[in-house]
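Visitor: Pasting a structure here, questions to come.
Rule-based calculations on the coordinates, nothing more; no lab input. Bear in mind the structure is a predicted one, so any value in this text is a computation, not a measurement. As a convention, Cβ positions derive from the backbone with ideal geometry for all residues, glycine included, and neighbour counts pool all protein chains shown.
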Amino acid sequence: MSEPARTNVIAFGAHPDDVEIFAGGTVCSLVQHGYRVGIVDLTEGELGSRGSRELRSKESAAATEIMGVAFRENLGLSDGHIENSLGNRNLIIEVLRRHRPDILLIPAAECRHPDHGAASTLISEAAFYSGLRKIIVSTGPADTSRSERAWRPAHILHYMQSIPFEPTVVVDVSFVWEQRMNAVLAYHSQVFDPTYEKGHDEPETFVSNPGFVKWIEARARAFGYRIGAEYGEPFLYRHGPLGTSDIVRFLGQDSP
Ligand SMILES: [Zn+2]
């Protein structure tokens, strides 16, 4: 059996539009840089007040196409009930061992939506346990199953959702901003879309309010400004410290 390509980055989301909304520019920029990037959604967002499971799945496929990621998977966990259970951790461990990512982009530990914080804890713990070789998650033969080989991602970055934090890293996403917003706007049932509004009588949500997309843009402009870019996406590095033997190479590559 040939080895699947190693993955540079996996972005995890609790719901199908989370990655696009909160880390979409970073995902698009990584793809443009030529890295192998995948997205893994924990749930299908079936509890969402707008749209349906089927519609959200179609919208997610359209957004995935726009971003050009190498793969996207959905673990089918229960929306509104993301449990930090052995079974759920093992599902994530299987994904990590199969794709062997170096870096994870995951939700912030705290958010107004409890699923996001729950997802953050679940993924962080699974990433750790994935590195323990005595944890076996598959039933396949040991000599052929990649999911039985321990793998721990080297780094985890948390993207910012509704509760702000002082970021450790801001990624310049200016050159992919239009592409990134097109991926967000592919979720016609979730973000404000006058055409969708005309045909549906559904309640307004935090995300479907016309101000939401403006808020996402304003925040990206604000963080971008701090690093000298037009648009930036903030991340928190909580699992540090980062090590280096050469601080000039580590910090100085972007000096003017
Ligand atoms: Zn969400």
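Visitor: How big is the antiparallel share of DSSP beta bridges in the chain, given as a percent to the nearest 5?
Guide: The answer is about 25 percent antiparallel.
Visitor: Right, something else. What are the equivalent ellipsoid semi-axes of segment 23-160, built from the alpha-carbon gyration tensor (square roots of five times its eigenvalues), in whole angstrom, biggest first?
Guide: Each semi-axis is √(5λ); the values are 24, 19, 15 Å.
Visitor: While we're on this one: Filter the GluC sites (Glu not before Pro) in segment 54-125 down to the DSSP loop ones having no more than 16 other Cβ atoms within 10 Å, then list what survives.
Guide: Taking segment 54-125 and a limit of 16 other Cβ atoms within 10 Å, the loop GluC sites (Glu not before Pro) found are Glu83, Glu110.
Visitor: Also, I was wondering about something else. Where in segment 164-256 are there GluC sites (Glu not before Pro) that are in a DSSP coil and have at most 15 other Cβ atoms within 10 angstrom of their Cβ?
Guide: Taking segment 164-256 and a limit of 15 other Cβ atoms within 10 Å, the loop GluC sites (Glu not before Pro) found are Glu204, Glu230.
Visitor: Name the long-range amide H neighbours of Arg72: under 5 Å, sequence gap of 5 or more, or other chain; modelled H, no Pro or chain starts.
Guide: Here the answer is Ile39, since their amide H atoms fall under 5 Å of that of Arg72.
Visitor: Hey, another quick one. From the helices alone, meaning DSSP H stretches of at least four residues, give me the mean residue ellipticity at 222 nm for the chain, per-run term -39500 (n - 2.57), in deg cm²/dmol to the nearest 500.
Guide: The per-residue figure over the chain is -12000 deg cm²/dmol.
Visitor: Set the Förster radius R0 to 45 Å, insert the Cβ-Cβ distance between Ala61 and Arg249 as r into 1/(1 + (r/R0)^6), and round the FRET efficiency to 0.05.
Guide: E between Ala61 and Arg249, to the nearest 0.05, is 0.65.
Visitor: Next up: Once you have the Cα-Cα distance between Arg149 and Thr195, take 0.36 nm times their residue separation minus that, and quote the gain in nm to one decimal.
Guide: Full extension from Arg149 to Thr195 adds 11.7 nm.
Visitor: I'd like the Karplus ³J(HN,Hα) series for segment 16-33: coefficients 6.51, -1.76, 1.60, θ = phi - 60°, whole numbers in Hz, and an x wherever there's a Gly or Pro.
Guide: Calculated HN-Hα couplings, in order: x, 9, 4, 5, 4, 5, 10, 9, x, x, 5, 4, 4, 5, 5, 4, 5, 6 Hz.
Visitor: Set Lys and Arg Cβ to +1 and Asp and Glu Cβ to -1, take the dipole of the chain about its Cα centre, and tell me which of Ala222, Leu104, Pro203 lies farthest positive.
Guide: Value: Leu104.
Visitor: Using only the Cα atoms of segment 9-254, build the gyration tensor, take square roots of its eigenvalues as a ≥ b ≥ c, and label the shape rounded, prolate or oblate: rounded if a/c is under 1.5, else prolate if a/b is larger than b/c, else oblate.
Guide: In terms of gyration-tensor shape, oblate.
Visitor: Pop out the ³J(HN,Hα) list for segment 47-54 in order, Karplus 6.51 cos²θ - 1.76 cosθ + 1.60 with θ = phi - 60°, rounded to Hz; leave Gly and Pro as x.
Guide: Going residue by residue, I get 8, x, 5, 10, x, 9, 4, 5 Hz, with x marking Gly and Pro.
Visitor: Taking square-rooted eigenvalues a ≥ b ≥ c of the alpha carbon gyration tensor, is segment 1-95 rounded, prolate or oblate, where a/c under 1.5 means rounded and, failing that, a/b exceeding b/c means prolate?
Guide: Since a/c reaches 1.5 but b/c is at least a/b, the shape of segment 1-95 is classed as oblate.
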